[in-house]
Amino acid sequence: MIAPVNPTLHTTSRNENRPFLKIDQVEKSFKRGKATTHVLRDINLVIERGQYVAVIGHSGCGKSTLLNIVAGLTNVSSGAVLLEDQEVSEPGPDRAVVFQNHSLLPWLTVYENVKLAVDKVFGATKSRAERHDWTIENLSLVHMTHAKDKRPGEISGGMKQRVGIARALAMEPKVLLLDEPFGALDALTRAHLQDSVMEIHARLGNTIIMITHDVDEAVLLSDRIVMMTNGPAATIGEDLRVELPRPRNRLQLVADPTYVRTREAVLKFLYERHKSPSLDTAA
Amino acid sequence: MTAHVRSTDFVETSAGRLPATVAAIPVEVTPKAANDQGDGPVPAAHENTDQPTPRSRFAGLAEKSGEWLANIVPPLLVVLALGLIWEMAFSSPTASLPPPSKIWAEAKDLILDPFFVMGPQDIGLGLRVMTSLQRVAIGFGLAAIVGVLLGALVGQSVWAMRGLDPVFQVLRTVPPLAWLPISLAGFRDANPSAIFVIFITSIWPIIINTAVGIRNIPQDYRNVAAVLRLNQVEFFWRIMIPSAAPYIFTGLRIGIGLSWLAIVAAEMLTGGVGIGFFIWDAWNSSRLPDIVVALFYIGVVGFVLDRLVAFAGQIATRGTAAS
Ligand SMILES: Nc1ncnc2c1ncn2[C@@H]1O[C@H](COP(=O)(O)OP(=O)(O)O)[C@@H](O)[C@H]1O
Ligand SMILES: [Mg+2]
């Protein structure tokens with residue numbers, strides 16, 4: 001079975017006052033030559049351990065930028081991201097990312113892609129046999145052991161995304177960052193993967209930040225939906241709790257009044273108060 | 001898929017001008033989306049993620065044998081026809097060049113036994129080719145190692161690129177033989193000089209193509225490496241080399257061709273027992289049929305070298321090419 005996510009976490013979690021992940025007054029502008037684009041302003045967010053947070057907003061508003069800042073792949077212009085009181089300044093395996101386009105290394109097999117991460121993160125602490133087992137265990141978590149010797153070019157988009165998730169989970173990250181993980185998949189595959197992620201979240205209790213532009217996905221999966229206003233200089237417009245008990249079943253939820261209400265609130269935000277600017281000009 | 005590497009490929013990169021290849025030699029290039037990555041960390045959208053499904057092996061095999069015949073018959077016919085024309089054009093006793101029948105009569109020993117040894121300077125053409133190939137192996141091998149390392153440096157660092165690229169652009173236009181006098185002066189010996197000429201001739205396309213390959217590593221792979229905190233050495237072996245392999249092999253293939261061009265020319269001047277000097281020697285003793293046979297050897301060996309590097313490239317880039 002899966003080992004506890006991170007044994008050290010339990011000691012720190014007793015301190016209730018300390019936020020687990022804190023995004024504090026983050027601002028971000030990109031400079032290109034003389035032109036400066038102000039992408040994010042005044043972003044404040046405190047995320048508890050084990051929380052599943054969905055970030056939703058129209059395309060181009062700065063969701064990926066926010067996620068990359070938490071990942072350490074992009075620097076803030078001002079403000080800070082604190083993970084367990086440590087300021088995030090560079091990327092690291094404690095903040096594993098599942099990228100939108102899977103970004104598996106095409107010259108490695110499915111197994112080798114996950115093993116690369118396992119070897120890097122646990123090279124010093126696990127034996128060779130343990131690392132092999134851990135790789136297989138994470139592949140079986142996403143039901144991909146049958147294709148472990150295939151290369152990314154030989155498997156479907158949904159399978160690639162599963163492997164990307166396995167690679168991220170195998171790092172035992174403190175925070176799992178998902179950038180529109182199911183965006184490019186057909187509805188059926190997407191539903192399957194959503195169920196897988198819910199199941200994994202229930203079993204491991206990971207802290208997850210997931211970017212999405214799918215309202216149903218956000219309501220189904222998350223504990224909390226962070227809605228972003230339109231860019232430029234986007235910020236958090238609304239922060240909504242999803243008060244639905246787990247485990248959740250997509251079929252039963254459809255008629256659930258809380259589900260319907262939450263869904264409506266997000267839709268209202270996205271399509272009335274913060275209409276897509278591109279739709280505006282088209283009208 | 002065969003494509004001509006156009007000198008305009010990848011010319012504009014965010015950090016400056018970088019030509020795709022040194023020479024416009026037709027080479028097989030793995031189609032790969034040439035992304036111009038910004039310096040931002042947002043994953044660049046690259047289109048090389050989806051690939052055709054592999055064909056069934058069996059169907060491929062049957063198709064291959066037919067293809068093979070279709071590939072071998074036309075060139076055979078052309079060679080036969082050319083031989084006939086040649087024979088007719090030069091069969092008069094006053095002709096300046098020997099016809100094939102005369103070459104066969106006078107240079108039969110060279111054609112039939114490539115590996116005879118009749119004395120220190122009288123050996124078969126196969127053995128001569130071997131000594132030339134030895135020099136090429138050393139010179140080209142060094143060029144491959146140094147070229148890939150320098151190319152990685154230039155591709156990875158904007159400042160190395162700014163400093164080194166103009167120097168490379170000037171040096172790469174120097175013809176192989178122009179290097180010979182200065183290398184003779186430096187090494188005071190024919191053999192290392194010939195090797196140096198090969199090295200300096202073949203290194204430029206390797207450097208430049210490697211640099212282009214490194215610059216085209218998708219931002220996604222860099223992000224993966226960053227999240228995993230791969231160190232420089234791990235990044236070089238696990239990401240850079242495999243990702244840039246199609247480009248590196250393009251450079252190696254051009255490089256091996258140039259090596260072979262350079263060695264024959266260099267040996268004409270430096271002497272020894274290589275195939276190049278054999279031609280020069282035959283010319284001085286008016287053995288024209290021998291020269292024709294040697295030319296044939298050189299052509300075939302050059303062709304085989306090219307195919308070998310291409311084949312190695314196909315094997316090495318199977319993973320990358322599939323994506
Ligand atoms: N490296 C960069 N340089 C300049 N502008 C950027 C860079 N990355 C993102 N942007 C800009 O920031 C804005 C937000 O982009 P992004 O975070 O990718 O949006 P989203 O993920 O919400 O679709 C866009 O207008 C984009 O053009
Ligand atoms: Mg995005």
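Scale the Cα Rg of region B:103-316 by the rule-of-thumb value 2.2 N^0.38 Å and send over the ratio, two decimals.
Output field value: 1.20.
Using Cα springs under 10 Å in a Gaussian network model of chain A, which residue among A:GLU217, A:GLU87, A:GLU272 shows the largest mean-square fluctuation?
Comparing A:GLU217, A:GLU87, A:GLU272 in the GNM, the peak value goes to A:GLU272.
I need the peptides B:214-223, B:112-121 ranked by packing, meaning the mean over residues of other C-beta atoms within 10 angstrom, with the highest value on top.
Per-residue Cβ counts within 10 Å, averaged per peptide and sorted highest first, yield B:214-223, B:112-121.
Counting heavy atoms of the protein chains only and a 1.4 Å probe, report the per residue accessible area for chain A as a whole number of Å².
On a per-residue basis, 45 Å².
Using every pair of alpha-carbon atoms in region A:202-243, split the distances into 10 Å bins beginning at 0 and state the percent of pairs per bin, rounded to integers.
24, 52, 20, 3
How many times 2.2 N^0.38 Å is the alpha carbon radius of gyration of chain A?
Rg over 2.2 N^0.38 Å, computed on Cα atoms: 1.01.
Using every pair of alpha-carbon atoms in region A:71-126, split the distances into 5 Å bins beginning at 0 and state the percent of pairs per bin, rounded to integers.
All Cα pairs, binned at 5 Å, distribute as 4, 15, 20, 21, 18, 12, 8, 3, 0 percent.
I'd like the distance between the alpha-carbon centres of region B:278-305 and region A:199-265, rounded to an integer number of Å.
77
How large is the accessible surface per residue of region B:266-323, computed with a 1.4 Å probe and reported in Å² as a whole number?
That works out to 49 Å² per residue.
Cα-Cα over 27 Å: which of A:LYS63/A:LYS160; A:LYS174/A:LYS275; A:LYS22/A:LYS115?
Beyond 27 Å: A:LYS174/A:LYS275; A:LYS22/A:LYS115.
Amide H of A:VAL242: which non-local residues (sequence gap of 5 or more, or other chain) have their own amide H closer than 5 Å, using H built in the peptide plane?
Result for A:VAL242 returns A:ARG224, A:ILE225.
Accessible area, 1.4 Å probe, largest first: how do A:GLU84, A:GLU154 sort?
These residues rank, largest area first, as A:GLU154, A:GLU84.
Using a 1.4 Å probe on the protein chains only, how many percent of the accessible area of chain A belongs to carbon and sulfur?
In chain A, the share of accessible area belonging to carbon and sulfur is 51 percent.
Accessible area lost on pairing B with A, both sides, 1.4 Å probe, Å² to nearest 100?
2500
Between A:ALA187 and B:LEU112, take the C-beta separation as r, use R0 = 56 Å, and let me know the FRET efficiency to the nearest 0.05.
Plugging the Cβ-Cβ distance into 1/(1 + (r/R0)^6) gives 0.20.
Using a 10 Å cut-off around each Cβ of peptide A:106-112, what is the average number of partner chain Cβ atoms that fall inside?
Counting Cβ atoms of other protein chains within 10 Å of each residue's Cβ and averaging gives 5.
So who's got an amide H within less than 5 Å of the one on A:MET210, skipping anything under 5 residues away but keeping other chains? H placed 1.01 Å off N, in plane.
Amide H neighbours of A:MET210, under 5 Å, 5+ apart: A:VAL53, A:ALA54, A:VAL55, A:LEU178.
Over region A:104-172, with a single point scatterer placed on each C-alpha, what log10 of the ratio I(q)/I(0) does the Debye formula yield at q = 0.14, 0.25, 0.28 1/Å?
These q points yield log10 I(q)/I(0) values of -0.34, -1.04, -1.26.
Can you tell me which of A:GLU180, A:GLU112, A:GLU90 moves the most in a GNM of chain A? Springs connect C-alpha atoms under 10 Å apart.
Of A:GLU180, A:GLU112, A:GLU90, the most mobile in the Gaussian network model is A:GLU90.
Cross-link candidates for B:LYS108: which aspartates and glutamates have Cα within less than 20 Å, leaving aside residues fewer than 8 places away along the same chain?
Candidates past the 8-residue exclusion: B:GLU87, B:ASP122, B:ASP281, B:ASP290.
Kindly state, to the nearest 0.05, the FRET efficiency for A:ARG32 paired with B:SER157, given R0 = 22 Å and r defined as their beta-carbon distance.
That pair, A:ARG32 with B:SER157, gives E of 0.60.
Determine the share of region B:103-316's accessible area contributed by carbon and sulfur atoms, expressed in whole percent, with a 1.4 angstrom probe.
72
What does the structure give for B:82-90 when I average, per residue, the other chain Cβ atoms found within 10 Å of the residue Cβ?
Average per residue, whole number: 0.
Please report, largest first and rounded to whole Å, the three semi-axes of the ellipsoid equivalent to region A:98-239, where each semi-axis is the square root of five times an eigenvalue of the C-alpha gyration tensor.
Over the Cα atoms of region A:98-239, the semi-axes work out to 28, 17, 14 Å.
Give me the one-decimal nm value for the distance between modelled label points at B:GLN134 and B:ILE85, 7 Å along each residue's Cα-to-Cβ direction.
Computed distance between label sites B:GLN134 and B:ILE85 equals 4.0 nm.
For chain A, what relative contact order do you get, as a whole percent, if you take Cα pairs closer than 8 Å and at least 6 residues apart?
Averaging sequence separation for qualifying contacts and normalising by length gives 24 percent for chain A.
Starting from the coordinates of the alpha-carbon atoms of region A:41-145, obtain the Kirkwood hydrodynamic radius over all distinct pairs and give the value in Å to one decimal.
In region A:41-145 this quantity evaluates to 16.2 Å.
With a Förster radius of 25 Å, plug the Cβ-Cβ distance of B:PHE236 and B:GLN314 into 1/(1 + (r/R0)^6) and report the FRET value to the nearest 0.05.
Efficiency at R0 = 25 Å is approximately 0.65.
Over all Cα pairs of the protein assembly as shown, how is the pair count split among 10 Å bins, expressed in % and running from 0 up to the last occupied bin?
Cα pair-distance distribution for the protein assembly as shown, in percent: 3, 14, 20, 20, 15, 11, 8, 6, 3, 1, 0.
The values are calculated or read from the model by the stated rules, or taken from the named source; none is laboratory data. Quick caveat: nothing in here was measured; it's all calculated off a predicted structure. We place every Cβ from the backbone using ideal geometry, glycine too, and count neighbours over all the protein chains shown. With ligands, DNA and RNA removed, areas are computed over all heavy atoms of the protein, side chains included. Shrake-Rupley method; radii C 1.70, N 1.55, O 1.52, S 1.80 Å.
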